[in-house]
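Coordinate-derived values only; no laboratory data. Computed from a prediction, not measured in an experiment: that's the story for all the values here. Using ideal geometry, Cβ is built from the backbone for each residue, glycine included, and neighbour counts are taken over all protein chains shown.
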Amino acid sequence: MATAEDLRKINLMQDLPDSVLDKLAPLAEEVNYKENDVIFKHGEPADSFGMLLRGKILLNAEAKPGLIVSLGTIKEGYSFGWGVLLPGSSHRNDAVALEPCQVLMISAQTMLDLLDSDRDVGYQLLRKFITIMKNRLDRRTSQFLLALDRQIEVEPLQE
């Protein structure tokens, strides 16, 4: 079982009051992965939310048959498995342990039950979730636009 102190090491949880962490801690199960263990695969149900205490996780996807693209890494203190917020979601990529990892996992149903049953905790968590997701979307949009800029040559206007 996790402790409030364990949760405080997670970026998502750092600014939350102790009362919220005390409710979350007993819900999180510690899971250890060895190097190259598959944590989840594309298409599998998003049935748990993970918070990485130790190690590094690679997120990758098959862009087309035979072409695997690295989407990024999850570093210590960060979270993954955000699909749990939408019931019935499945993973859009694979997650693989790049080194031994210690992860705190909360099941999707447990997370949803907590968000529904304790509106104060739910509100605080969802505000943090939304802030992180907005930052990720902004970063990905910037990366996409930069990639487009590098690929498209603009022809000068003819007078």
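Structure values in brief
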read-out	value
Structure-based [θ]222 nm, the chain - -39500 (n - 2.57) summed over DSSP H runs of at least 4, per residue, nearest 500	-11000 deg cm²/dmol
GNM result for the chain, Cα springs below 10 Å: residue of Thr131, Thr73, Thr141 fluctuating most strongly	Thr141
Which labelled figure in (i) 0.96; (ii) 1.06; (iii) 1.02 is Rg/Rh (Cα atoms, Kirkwood Rh), once derived from the coordinates	(ii)
Positive minus negative residues near Ala4 (Lys, Arg vs Asp, Glu; Cβ under 12 Å)	-1
Where chymotrypsin sites (Phe, Trp or Tyr not before Pro) fall in DSSP loop in the range 42-111, at most 10 other Cβ within 10 Å	none
Summed residue charge, Cβ within 11 Å of Asp15's Cβ, Lys/Arg positive, Asp/Glu negative	+3
Local net charge near Leu115, Cβ-Cβ under 13 Å (Lys/Arg +1, Asp/Glu -1)	0
Cα-based Rg and Dmax for the range 19-82, where Dmax is the largest Cα-Cα distance (Å)	13.9, 48
Inter-site label distance for Ser107 and Phe129 at 7 Å from Cα along Cβ, in nm	1.8
Relative contact order of the range 4-150, defined on C-alpha pairs under 8 angstrom at six or more residues apart (%)	29
Of Lys41/Lys128; Lys75/Lys128; Lys34/Lys128, pairs whose Cα-Cα distance is over 24 Å	Lys41/Lys128; Lys34/Lys128
